[in-house]
Amino acid sequence: MALNLRQKQTECIIRMLNLNQPLNATGTANEEVYKILIYDKFCQNILSPLIHVKDLRKHGVTLYFLIDKDRKHVHDVPAVYFVQPSQVNVQRIVADASRSLYDSLHLNFSSSIPRPLLEDLASGTLNSESIDKILKVHDQYLEFVTLEHNLFSLAQKFCYVQLNDPSAGDREIEEIVEKVASGLFCVLATLAVVPVIRCPSGGPAEMVASVLDQKLRDHLLSKNNLFTEGGGFASSFQRPVLCIFDRNFELSVGIQHDFRYLPLVHDVLGLRLNRLSVPGEKGGMRSYELDSSDPFWVANGSLEFPEVAVEIETQLNKYKKDVDEVNRRTGGTDGAEFDGTDLIGNTKHLMNAVNSLPELTERKQVIDKHTNIATVLLGEIKERSLDSYAKKENDMMVRGGIDRNELLGVLRGKGTKMDKLRFAIIYLICSESINPAEVEAIETSLRESEVDTCAFQYVKKMKSLNVSLASSNSASRSNIVDWAEKLYGQSISAVTAGVKNLLSSDRQLALTRIVEALMEGRPNPDVDSYLVFDPRAPKSGSGTSGSHLKGPYKEAIVFMIGGGNYMEYGSLQEFAQRQQPVKHVIYGTTEILTGIEFVEQLTVLGQKMGLGSTAASPAPTL
């Protein structure tokens, strides 16, 4: 039984919409109750990719509102609340109960509500004599956004900046680690699996793994724990492996341009929560949904853009051929004498044509949607030479560098300021050694284009630190680490651990290569140093166990702290599909970032360290 996160989360939400009653075979409650849905912004984002308005109607939801909006009394109707467990939300719930806005309140918190907040809820409703309005309180453990069957995000913004901020104190770091571990706990609780956890030693990955391991151990001690069902795995000896990484493990993937359809749509057109808006053919903006209900998107999202353009043309020609066939069959034969058999034959063809109309109409809508998206993409590609950026960056990855004239030609050519900055940073990461003259020429070229170089300077500092560590002997290395930890705070352990991972020598990403080795579960020099946490095993020393040799694993959950992207997601899915038998990999991250958004976070870090120029537009405030 494969792990299907989207299906599991949707089932939990549907049960919640039906007042947490058991559902019948049709997926609805036996007794239909009309109700109101109240959510906060975060939980709206959880619902958005999974539940549509027609689904809400099917489950008896007639009205839905944001909790922070002014709402009127609706008598004799229960309200389902789906909100984060926060002080503000609890205060609003108490206010709604005291005003008797609704007949009864069914409270569903996206994660476990802390006891102090539960006490605030109880005392607030007691004081206002409205405690009888609260019918039920549920911890739903749904604090993550599922975008595809195998893709989720914790929607925790600016995590990379917060973890790598040189001014961040221990307490701030611990709070972020706790928040990430809680989000991962929600994912595992929804899947009802307790995985074996693997991660590199040091840095945020180990910190999150350690906290999550303890959370799972504590929870497994309770009688009615969330993992007793096991989701079909309780009786099976095979458990999934959870591989946790931090963005510094392979920095380049978060920055580089990709020429495949799904990453390109995300990076260039701003795909968010499976939706995007693009200019329509007749002016105005057209909004589209791109998810598993779109067969073209599912089949072609991983293809390079030129292949997608060919596929759109192929689908259009096939559609035209099928329409012509329907017209030919239903148009009758010119000049033929009318008889009964012709009438019977025509009637049959007409019925078939009527039955095929919805399918043909749907196909045409999908073709029109992707034709419009591809047209807008093509305009951006030509204007910014995105194909050239993607090719040259990939060549740099493989060759470990680029000719100086070619490099400066790109920086002085087409492309936005951010395209040029990303290209320059990829050059820095790929170069085995930093040539001061070339770096100076790049910085001059960037300044001529009025590009803010803070992000470039930040990566240059990291890179020079890596080179120092790689070339230094063990005696002097400790001094560098001491200095670097003062300068870089939490990022240094990950930076030092991932020196060789900054370079991908072939098309397969370093992340995919390591996940493949971890899923094999055999001794491998690439992963032998990785820590093992098994929450079901007796606790021994930190991250030490022989259980990792119980592989191979059929299923894996791969989690990236500090921002993930569709390039890594696509690479992992391609790897899983190549295996015989096919393996199953779920990819998750603290937030899904475009290359621009990730470089903006590097810019913030550069500014915090007083590096680079700030002549260009300032980075977003946190």
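The values are calculated or read from the model by the stated rules, or taken from the named source; none is laboratory data. Quick caveat: nothing in here was measured; it's all calculated off a predicted structure. When we count neighbours, we look across all protein chains shown, and the Cβ atoms used for this are built from the backbone with ideal geometry, even at glycine. Quick note on the areas: whole protein, heavy atoms, side chains included, nothing else; ligands and nucleic acids left out. Shrake-Rupley method; radii C 1.70, N 1.55, O 1.52, S 1.80 Å.
Roughly speaking, what is the stretch gain from ILE596 to ASP170, that is 0.36 nm per residue apart minus the C-alpha to C-alpha distance, in nm to one decimal?
150.5 nm
Residue by residue, what Karplus-based ³J(HN,Hα) values in Hz, rounded to whole numbers, does segment 309-316 have, using 6.51, -1.76 and 1.60 with θ = phi - 60° and x for Gly and Pro?
Values, residue by residue: 4, 5, 5, 4, 4, 4, 5, 5 Hz.
Just to be sure I understand the model, the point goes 7 Å from the Cα along the line to the Cβ. What's the resulting ARG272 to LEU220 distance in nm?
Taking the two extended label points, one gets 4.0 nm.
Less than 20 Å from a label point 7 Å out along the Cα-to-Cβ axis of ARG99: which backbone N atoms in segment 122-144 qualify, by residue?
Once the point is set 7 Å along Cα→Cβ of ARG99, 122-135 turn out to lie under 20 Å by backbone N, inside segment 122-144.
Please work out the average accessible area per residue across segment 5-67, using the 1.4 Å probe convention, and give it in Å².
On a per-residue basis, segment 5-67 sits at 46 Å².
Do any trypsin sites (Lys or Arg not before Pro) in segment 42-79 lie in a DSSP loop with no more than 11 other beta carbon atoms within 10 Å, and if so, which?
Here the trypsin sites (Lys or Arg not before Pro) that fit, given the DSSP loop and packing criteria, are LYS69, LYS72.
Principal axes first, then extents: for the Cα atoms of segment 254-321, list largest minus smallest coordinate on each axis, whole Å, largest first.
The principal-axis extents, from largest down, are 42, 28, 21 Å.
Determine by what factor the alpha-carbon radius of gyration of segment 387-478 differs from 2.2 N^0.38 Å, reporting the quotient.
The reported ratio for this selection is 1.13.
Considering the options ILE113, ILE131, LEU50, tell which one lies farthest towards the positive end of the dipole of segment 5-143, charges being +1 on Lys and Arg and -1 on Asp and Glu at the Cβ, about the Cα centre.
Sorting the options by dipole projection puts first LEU50.
Let a ≥ b ≥ c be the square roots of the eigenvalues of the Cα gyration tensor of segment 51-117; is it rounded (a/c under 1.5), or, if not, prolate (a/b larger than b/c) or oblate?
oblate
Give the ranking of ARG260, ARG115 by solvent-accessible surface, highest area first, calculated with a 1.4 Å probe.
ARG115, ARG260
For segment 549-613, with all protein chains present and a 1.4 Å probe, just round the carbon and sulfur fraction of the accessible area to a whole percent.
51
GluC sites (Glu not before Pro) within segment 107-151: which are DSSP loop residues with at most 13 other Cβ atoms inside 10 Å?
GLU129
List the pairs from LYS282/LYS318; LYS420/LYS460; LYS8/LYS369; LYS179/LYS554; LYS157/LYS382 whose alpha-carbon separation is above 20 Å, in the order I gave them.
LYS282/LYS318; LYS8/LYS369; LYS179/LYS554; LYS157/LYS382
Just check segment 104-178 against the gyration tensor rule for me: Cα atoms, a ≥ b ≥ c as the square roots of the eigenvalues, rounded for a/c under 1.5, and otherwise prolate or oblate depending on whether a/b exceeds b/c.
Judged from the Cα gyration tensor, segment 104-178 comes out oblate (a/c at least 1.5, b/c at or above a/b).
By how many nm would the segment from VAL582 to GLU448 grow when fully extended, if each residue of separation counts as 0.36 nm and the alpha-carbon distance is taken off?
43.2 nm
What does the extension gain come out to for GLU574 and LYS69, with contour length at 0.36 nm per residue minus their alpha carbon separation?
177.4 nm
Leaving ligands, DNA and RNA out of it, work out the accessible area of ARG578 with a 1.4 Å probe and give it in Å² to the nearest 10.
It works out to around 140 Å².
At a probe size of 1.4 Å, how large is the accessible area of GLU281, to the nearest 10 Å²?
150
Using unit Cβ charges (K, R positive; D, E negative) and no other charged atoms, how large, in debye to the nearest 20, is the dipole of segment 5-143 about its Cα centre?
440
Which log10 I(q)/I(0) values, to two decimals, does segment 55-166 give at q = 0.09, 0.23 Å⁻¹ under the Debye formula with one point per Cα?
So the normalised log intensities are -0.31, -1.35.
Can you give me the accessible area per residue for segment 387-478, using a 1.4 Å probe, in Å²?
I get 43 Å² per residue for segment 387-478.
Set the Förster radius R0 to 51 Å, insert the Cβ-Cβ distance between ASN317 and LYS157 as r into 1/(1 + (r/R0)^6), and round the FRET efficiency to 0.05.
Taking R0 as 51 Å, the efficiency between ASN317 and LYS157 is 0.70.
What's the local net charge at ARG57, with K and R +1, D and E -1, over the other residues with C-beta under 15 Å away?
+1
Under the rule of at least 5 residues apart or a separate chain, name every residue whose amide H is placed under 5 Å from the amide H of GLY588.
Sorted by chain and number, the residues that satisfy this are PHE152, VAL558, PHE559, MET560.
About its Cα centre, what dipole magnitude does segment 387-478 give when the only charges are +1 on Lys and Arg Cβ and -1 on Asp and Glu Cβ, stated in debye to the nearest 20?
200
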